[in-house]
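For reference, the structure discussed in these notes is given below.
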Amino acid sequence: MATKHLLGLLLGTEEDWSGAFEALLSRARLDIVEHGDRHQFESERITIEPFNLRAHPRYDLVIDRLAHWYFVPREWLKKIALMNDVYLLNNPFTFQAMEKHAAYCAMMRLGFKIPDTWLIPHKNPPHNERFAYTAERYNQPFDLEQVAQTIGYPLYMKPFDGGAWVGVTRIADRDALQKAYNESGERLMHLQAAVDGFDVFARSLSIGAETMVMRFDPDRPQHDRYQVDHGFLKPSVGDEVVTIGRTVNAFFRWEFNSCETLVKGNQVYPIDYANACPDVSLISLHYYFPWAVKALLKWSVFCAVSGRRMPINLDLLSWFTVGDSDMTYDERLGEYRRLADDYFQRDDYEEFCVRHLGAIDEVMLEYVRSNEFDRLLVRVVHATFPVHEHEQFVEHYRGLLKAWADGR
Ligand SMILES: Nc1ncnc2c1ncn2[C@@H]1O[C@H](COP(=O)(O)OP(=O)(O)OP(=O)(O)O)[C@@H](O)[C@H]1O
Ligand SMILES: [Mg+2]
């Protein structure tokens, strides 16, 4: 008898990767025999409704794109992880407790080259009747300009928990600093030294045990930030970027996350790597979109068939033992990579893919060349761009996906 694994998709507004994921899964008709058991797969979009905490979920694994802002599904995810061992991409426990700020702290301790970062108290204090008394007794007056001078201009002011570029300001001088701070209102902010004059912005996207490092241009419009460019980093630097992304993910038990690094000479500076819901839209990823959809599918199938467990807790000590040691930076990178690849069972995963998922590349290629995919592409472009740009952008995306299909 075959086990039918149900993969749940917890979605917001996106129709692109989810549609492609469903199409790929259905076209692949997976029927995997492992250790004498047969495994088949279905996916389902999850709807939100009242739930009994003792109810038994039907899902083996859930890909979550919603819980970072919507608390009903977030609490449901916690329940199904704690009570029913459902595997989640991502772990809501650590993503809730460990946002950008915690990620900076942890990766500083591991010795990565995070630019100097300070946390500054709110401009407008929290609404709490105890605040005035507490502040009067315990809040030290501080000189914002002095903190900025210690860091040095230019610098960035950005929310401690960040996301979607909201509230991020590049600051060149004292006046701009005061203006940005006044505008920050109730948001808790970091000040961070700018990595100026960097050579390359390398943004990596990790899905389970796989990582794609892409050249990113933050000054371009959304649809044109990821550049189709191969070999743009020295191999050793590219490897370091991969290690940083995987280390963050293995450390926090995140499995679907992007990591931004600025590369200057041979130095790699990580600046942002806690994205609970990384951008995987067709519009942004274009050429790299098929890779992301395949990686999501392969990792989900691997987790379901192998019975991989999602640990809710962290294992900080193994990492800090390396971070606190007197190893050189390069030695540490080697250790982190080993720990991360171990955590993600990279060898098992690769071997599993060869054994059971060898046909996925071909299925994806056929899908991307199909009318079904073209209809998805057209729908997504129409939903994204103004009418007068439809034709131009449909051709633009067709060209990029054709380049992917022809170039593989
Ligand atoms: N220390 C820094 N040095 C240079 N540029 C920076 C620095 N910090 C942020 N930036 C620039 O500002 C952008 C937004 O900052 P950051 O990624 O930290 O915020 P975010 O809200 O998480 O953005 P997103 O959701 O787009 O990832 C970065 O992509 C980068 O271009
Ligand atoms: Mg960012």
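If the requirement is being away from ligand 1 (no atom under 14 Å from the Cβ) and of a type in the set (Val, Ile, Thr), which of these qualifies: Val305, Val263?
On the way: Val263 fails: away from ligand 1 (no atom under 14 Å from the Cβ).
Answer to the selection: Val305.
Would you point out which residue out of Val62, Val33 is in contact (Cβ under 8 Å) with a residue 12 or more places away in the chain and either assigned to a loop (DSSP other than H, G, I, E, B) or not charged (D, E, K, R) (or both)? Step through it out loud before you land on a result.
Working: Val33 fails: in contact (Cβ under 8 Å) with a residue 12 or more places away in the chain.
Of Val62, Val33, the one residue that is in contact (Cβ under 8 Å) with a residue 12 or more places away in the chain and either assigned to a loop (DSSP other than H, G, I, E, B) or not charged (D, E, K, R) (or both) is Val62.
Looking for something in contact with a Ser or Thr (Cβ under 9 Å, 6 or more places away or on another chain) and either within 16 Å of ligand 2 (Cβ to nearest atom) or not assigned by TED's automatic domain parsing to the domain that holds Cys105 (or both) - is there at least one such residue anywhere in the range 130-143?
Within the range 130-143, the first condition is being in contact with a Ser or Thr (Cβ under 9 Å, 6 or more places away or on another chain), and the residues that meet it are none.
Among the residues of the range 130-143, not one is in contact with a Ser or Thr (Cβ under 9 Å, 6 or more places away or on another chain) and either within 16 Å of ligand 2 (Cβ to nearest atom) or not assigned by TED's automatic domain parsing to the domain that holds Cys105 (or both), which makes the answer no.
Against the criterion of being closer than 30 Å to Glu331 by Cβ and of a type in the set (A, V, I, L, M, F, W, C), Leu89 does not qualify. Screening Leu110 with (1) within 28 Å of Arg309 (Cβ to Cβ); (2) in the same structural domain as Gly162 (by TED's automatic domain parsing) gives one miss only, at (2). When both residues are 6+ apart or on different chains and their Cβ atoms are under 8 Å apart, which pairs have a first residue that lies in the range 1-21 and is over 21 Å from Phe302 (Cβ atoms) and in the same structural domain as Ile32 (by TED's automatic domain parsing), and a second that is of a type in the set (Gly, Ala, Ser) and part of a helix (DSSP H, G or I)? Between residues of the range 1-21 that are over 21 Å from Phe302 (Cβ atoms) and in the same structural domain as Ile32 (by TED's automatic domain parsing) and residues that are of a type in the set (Gly, Ala, Ser) and part of a helix (DSSP H, G or I), the close pairs are Leu11/Ser18; Glu15/Ala383.
Go through the range 91-108 and give me each residue that's more than 14 Å from ligand 1 (Cβ to nearest atom), under 12 Å from Asn257 (Cβ atoms) and either modelled with pLDDT of 95 or more or outside any loop (DSSP other than H, G, I, E, B) (or both). Listed by number, the list holds a single entry, Thr94. In the range 300-323, the residues that are over 27 Å from Leu61 (Cα atoms) form Cβ pairs under 7 Å with partners that are surrounded by fewer than 16 Cβ atoms within 10 Å (Cβ to Cβ), at six or more places apart or across chains, as follows: Phe320/Arg109; Gly323/Arg109.
For the range 246-268, enumerate the residues that are farther than 17 Å from Val322 by Cβ and within 16 Å of ligand 2 (Cβ to nearest atom). Working first, answer last.
Going through the range 246-268, the residues farther than 17 Å from Val322 by Cβ turn out to be 253-268.
Selection gives Trp254, Phe256, Asn257, Ser258, Cys259, Glu260, Thr261, Leu262, Val263, Val268.
In the set (1) outside the structural domain of Leu177 (by TED's automatic domain parsing); (2) modelled with pLDDT under 95, the condition left unmet by His122 is number (1). Restricting the range 203-221 to residues that are within 15 Å of ligand 2 (Cβ to nearest atom) and under 15 Å from Asn275 (Cβ atoms) leaves a set whose member that is farthest from the chain's Cα centre (by Cα) is Pro218. Annotation: Ile271 fulfils all but one of (1) hydrophobic (A, V, I, L, M, F, W, C); (2) surrounded by 23 or more Cβ atoms within 10 Å (Cβ to Cβ); (3) within 16 Å of ligand 1 (Cβ to nearest atom); the unmet one is (2). So, in the range 247-259, exactly how many residues are under 24 Å from His286 (Cβ atoms) and either more than 16 Å from the chain's Cα centre (by Cα) or not in a loop (DSSP other than H, G, I, E, B) (or both)? Here the count works out to 5.
Scan the range 109-163 for residues that are within 16 Å of ligand 1 (Cβ to nearest atom) and of a type in the set (Val, Ile, Thr) and jot them down. Give the derivation first.
Here is the first cut: in the range 109-163, the ones within 16 Å of ligand 1 (Cβ to nearest atom) are 112-120, 147-148, 150-163.
Listed by number, the residues that qualify are Ile114, Thr117, Ile120, Val147, Thr150, Ile151.
Identify, from the list Gly197, Gly231, Gly185, Gly245, the residue that is surrounded by fewer than 18 Cβ atoms within 10 Å (Cβ to Cβ), within 28 Å of Glu335 (Cα to Cα) and out of contact with any helix residue (DSSP H, G or I) (no Cβ under 6 Å at 6 or more places or on another chain).
Working: Gly197 fails: within 28 Å of Glu335 (Cα to Cα); Gly185 fails: within 28 Å of Glu335 (Cα to Cα); Gly245 fails: surrounded by fewer than 18 Cβ atoms within 10 Å (Cβ to Cβ).
On inspection, the qualifying residue turns out to be Gly231.
The values are calculated or read from the model by the stated rules, or taken from the named source; none is laboratory data. Source: prediction; values computed, not measured. Glycine also receives a Cβ, built like all others from the backbone with ideal geometry; neighbour counts cover every protein chain displayed.
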